[in-house]
Amino acid sequence: MNEILRHPSAEAELPTGAPVNMSRRGFLLGSAGVAAGALVIGFGLPVGTARAQDAAAKVAPGTRVPAFLEIRPDNTARLMSPFVEGGQGVFTAMAQIVGEELDMDPQSFVVENAPTGPDYLVVFGKMRITGGSMSVRTSYDTMRHLGASARAMMIEAAATRLGVPAAELTTEPGQVVHAASSRKVSYGELAGDALNLPVPAADSVKLRDPSQFRWIGKPVKRLDMYDKSTGRAIYGIDTKVDGMLHAAVQHAPRLGMTVASIRNEDVVKAMKGVHSVHKLDGAVAVVAERWWNAKRAVEALQVQWNEAGAEAKGKGIRVMPADFSTAAFADRLAKEPGAGKDAEKEGDAAGVLASAKTVVSATYHSQYLHHAQLEPPSTLARFNDDGSLDLWMPNQAPEMFQADIAKMTGLDASKVNVHSPLLGGFFGRHFLYKSANPYPQAIQLAKETGKPIKLIWTREEEFLRDPMRPMAAVRFRGALDETGMPIAIEAISVCEGPTEGISGHNPDKMDPTALEGLTGKDYAIPNKRIAQLYVENPTMLAYWRSVGNSMNDFLYESFLDELADKGGQDPYELRLKLLKDNPRLSNLLKAAGEMSGGWKRGPYTAADGTRRARGVGMASPFGSYTAAIAEVSIKAGEIVVHEVWEAIDPGSIVNPAIIDAQIQSAVALGLSQVLLEEAVYEKGVPVARNYDLYPILPPSRMPRVHARIVESGEKMGGIGEPGLPAIPPAVANAVSTLTGQRIRSMPLSHYTFEA
Amino acid sequence: MQLQINNKTHEVDADGDTPLLWVIRDNLGMTGTKYGCGLAQCGACSVLVDGEIVRSCVTPLDSVIGRSVTTIEAIETDPVGKAVVAAWVNHQVPQCGYCQSGQVMAATALLKQTPNPTEDDIAAAMVNLCRCGTYNFIKTAVNEVAGRKEASL
């Protein structure tokens, strides 16, 4: 058994109870005496710190096998994933990819999130985030090479062990085989030697021929199902360390405000279990023996808040105006004067629109959305005697959090140990967002109390500080020729993109995440102009599953149906015509049509007597392509979605069962958005602070979902997000067909429908 | 106060109006039961009290004294619970998994009380929220344990 080469203090201690991300297998091993988290028990050569640091200085990400793999005597593997598992199945995908090349059954893997370090910057070989549906597609080759290198090292070690040339050796799952002498040696026996060998040069290892894949491309069972079905899975909110105290916060009602005074601090200090009361930046906190006591006490604090001063701007936060309302802001976006800046331009849209006989104009809206992941944010922070700081917190980018914390605390980054537990959903919530992550508060409280602190935000505090998916108003114009074909389209999106919202607006650049889904459409409309008219939001913005596409494909694809109607064309047939020179997307749309039993727009009367209609939508997000058809009816004034058929072409795939699950999941979130969700602000505060007033899709609104993977063999695309964007327009277009009422905004719960 | 959880009696030092959820998580250190909303909206905190499903985030501690509480940690000691877990794994139900303790508890309560549920029974009992949208997988798994043929998916 070798040990995983990593920063020693990062691994020194895991929360008491169970280690982070401990799987059942790990747990069993742990019980059997091999402590999965305690890597001081090493069977390989001890790895000196100097060697580790030396190697770290010039490491090529994703190449140093011992930083990723530990093979145990019982022939199980422990794999450090550069990507965090938050439901998307990436731990299993990583085991499949590495296992395929290593020649080891993915089911014998235990996968954990890797600590921080240069080894794990495998996204395009230079960075590490879990987002943008990038994990598998950007690291696929790297992780295959890693597995193949490990296999080569096993063979090399076996050659020495057996005293035969490496060329005479082959592998079977989990063992090296010398056919000539009928001898076999398990990886578990070889690991101690093998993983201390130099990693072979990348070009010297041979990758497996894809036609011989046993696990890649197959519906390999996920590795985390049992733990997640029995409450054993450990999330950030579940972590604990000895001696920790619990904390709860009350944020200022509007971002930017600061604490002036607390009127009843002494009364609250005397409340049961209360350890201390703290003033934070724009918040107050109570530390207590138990979280419930902390929560109760912090809510009892009567705080006098100061209005935001000039200093708020320097903190990179946005001051929430006292009169902010989303309704007024939507109105302003729709009416904001200006033609915007070109993002995509072909032909002469303005000229054609000016001279065309038939022009269709409409303004569409998208809404603010909450992530509403079920696990509320938390951070466990502990200062250690050696001056280092351990943090357990949900995050999609450990090195970025580490750098920010180093800057904030003045600690060297090597002293900041970021642990990344399983995520109880993320959908974009756990990137580095100013004012929206609890760790600065937890660190301050740990410093002020001298104790480890676990801070949990209530759902109410989360909905107060959750940064949101941007809202936009898009002014569309389309021109039709005499046959009803679109010949020009113009979309001016009045909005702020999430990236410029987070990282700052640069007037000389465009934010592609503002417009993706308006841009990048493949329809052959000869004249087009897609533009952005930038308007800064008074709210904090964020990435939300499928980012710009989450709204823009709704906006574009719904307007395309308006053009179809105006031109007297069937919307499905129109799309086929506009894609006739694009075989990949024509195939995909036809696949969706075929899955649904042949395109049928309606309205029609279904077997159960309900009046139904179908709508279609397409999207090209994150390197993949989708086409979706939805069937709807109306019951008691509410939209019922009966069926969704969605075809996805991600080029090539790793796990079809996980893709099916991700399509189901993306459909659910897309439906949730189009049917129910909107974060509304009035008088500077969010109206909803919990799921009672911010409903998310309940089981009763979930349709049957039929997913089909169309593997075109093109470049591998993303999976986690691409299933979402085509859903809202498919539903909205179906509703427009059924009711004759044009749907130009979400959610549909704002509309009144006749039964 | 003495609290009966998973067939063990625990001495608990907490006010009677403390939600059962936080007694389970913080006083007893069992973290399988989850906090999602604190308002009985999401169901992530579902546990069994005398076999009935309750949302522990709004269940005061003193209301369960003298009653028998079952959490996800002991679910497999119950034959129906064990079958539910097996179906969850078999159908690969969880994604992020955060709501699934509550979902498994809800399914177990349903199937213990109504071993042969109708589709309406299932819809009425399985109301917990799942942000990952695993609802169809949940339905399939519940149907399997109930031995119900599902309307074709």
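All of the numbers you see were taken from the coordinates with simple rules; none came from a lab. The shown structure was predicted, so the numbers you read here are calculated from the model rather than taken from an experiment. So basically every Cβ, Gly included, is an ideal-geometry build from the backbone, and we count neighbours across all protein chains shown.
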Fill in the blank from the handout: Of the candidates A:A446, A:L197, A:I634, the farthest towards the positive dipole end of chain A (Lys/Arg Cβ +1, Asp/Glu Cβ -1, centred on the Cα centre) is A:I634
Practice task
Would you mind calculating the relative contact order of chain A from Cα pairs under 8 angstrom and at least 6 residues apart, reporting the percent as a whole number?
Solution key: 13 percent
Problem - Table column - 3J(HN,Hα) (Hz), the range B:130-139, Karplus curve with 6.51, -1.76, 1.60, x for Gly and Pro - result: 9, 6, 7, x, 8, 4, 5, 5, 4, 4
Completion exercise
Non-local residues with an amide H under 5 Å from the amide H of A:H275, with H modelled 1.01 Å from N and Pro and chain starts lacking one, are A:V287, A:A288, A:E289
Fill in the blank from the handout: Among A:K279/B:K34; A:K221/A:K577; A:K313/A:K335; A:K228/B:K112; A:K600/A:K635, the pairs whose Cα-Cα distance exceeds 32 Å are A:K221/A:K577
Practice task
Using per-residue counts of other Cβ atoms within 10 Å, averaged over each peptide, order A:309-319, A:494-504 from highest down.
Solution key: A:494-504, A:309-319
Exercise for the section: For the range A:124-133, take each phi angle, set θ = phi - 60°, evaluate the Karplus expression 6.51 cos²θ - 1.76 cosθ + 1.60, and give the result in whole Hz per residue in order, putting x for glycine and proline. Expected result: 6, x, 8, 8, 9, 9, 9, x, x, 6
Practice task
Could you tell me what percent of the DSSP beta bridges with both partners in the range A:58-207 are antiparallel, to the nearest 5?
Solution key: 70 percent
Exercise for the section: Once you have the Cα-Cα distance between A:Y751 and A:D331, take 0.36 nm times their residue separation minus that, and quote the gain in nm to one decimal. Expected result: 149.5 nm
Fill in the blank from the handout: Expressed in angstrom and ordered largest first, the alpha-carbon extents of the range B:75-146 along the principal axes are 28, 27, 17
Fill in the blank from the handout: Ranking A:A436, A:Y187, A:M702 by how far each Cα lies towards the positive end of the charge dipole of chain A (+1 on Lys and Arg Cβ, -1 on Asp and Glu Cβ), the top one is A:M702
Completion exercise
For A:A362, placing the label point 7 angstrom along Cα-to-beta-carbon and taking the range A:463-486, residues whose amide nitrogen sits under 18 Å are A:472-481, A:484-486
Problem - Partner chain coverage, peptide B:123-132 - average Cβ within 10 angstrom - result: 6
Practice task
Can you tell me the FRET efficiency between A:D209 and A:S181 if r is taken as the Cβ-Cβ distance and R0 is 25 Å, rounded to the nearest 0.05?
Solution key: 0.40
Problem - Separation in nanometres of the label points that stand 7 Å from Cα toward Cβ, at B:T114 and A:V640 - result: 1.8 nm
Problem - Kirkwood Rh (inverse of mean 1/r, distinct Cα pairs), the protein assembly as shown, angstrom - result: 28.7 Å
Practice task
Amide H neighbours of A:L374 under 5 Å, at least 5 residues apart or on other chains, H built in the peptide plane: list them.
Solution key: B:R131
Handout entry: Shielding by other protein chains, A:375-381, mean Cβ within 10 Å
Key = 2
Practice task
Please get the size of the charge dipole for the protein assembly as shown, origin at its Cα centre, with Cβ charges of +1 on Lys and Arg and -1 on Asp and Glu, quoted in debye to the nearest 20.
Solution key: 360 debye
Practice task
Scan chain A and note any complete DSSP helix (H) whose C-alpha atoms cover at least 27 Å along its axis and whose Kyte-Doolittle average is 0.0 or more.
Solution key: A:656-675
Exercise for the section: As a check on your grasp of the helix formula, calculate [θ] at 222 nm for the protein assembly as shown: sum -39500 (n - 2.57) over DSSP H runs of n ≥ 4, divide by the residue count, round to the nearest 500. Expected result: -9000 deg cm²/dmol
Exercise for the section: Let me know the charge dipole size of the range B:2-72 about its Cα centre in debye, to the nearest 20, where only the beta-carbon of Lys, Arg (+1) and Asp, Glu (-1) is charged. Expected result: 320 debye
Practice task
Please list, or write none, the lysines whose alpha carbon is within less than 19 Å of the alpha carbon of A:K341, excluding same-chain residues fewer than 8 places away.
Solution key: A:K509, A:K521, A:K528
Handout entry: Net charge dipole size for the range A:402-449 [Lys, Arg +1 and Asp, Glu -1 on Cβ; Debye, nearest 20]
Key = 80 debye
Problem - Between 0 and 90°, nearest 10: helix B:79-90 axis offset from chain B longest Cα axis - result: 60 degrees
Problem - Average other protein chain Cβ within 10 Å of Cβ, residues B:27-37 - result: 6
Handout entry: 3J(HN,Hα) from dihedral phi, the range A:268-276, Karplus parametrisation 6.51/-1.76/1.60, rounded to Hz, x for glycine, proline
Key = 5, 4, 7, 5, 4, x, 6, 8, 6
Problem - Estimated FRET transfer efficiency (A:A166, B:V12; beta-carbon r; R0 56 Å; 0.05) - result: 0.35
Exercise for the section: Over the range B:2-72, calculate the relative contact order: mean separation of alpha carbon pairs under 8 Å at least 6 apart, over the residue count, as a percent. Expected result: 40 percent
Exercise for the section: May I ask which of A:K454/B:K82; A:K206/A:K590; A:K415/A:K451 have a Cα-Cα span longer than 27 Å here? Expected result: A:K454/B:K82; A:K206/A:K590
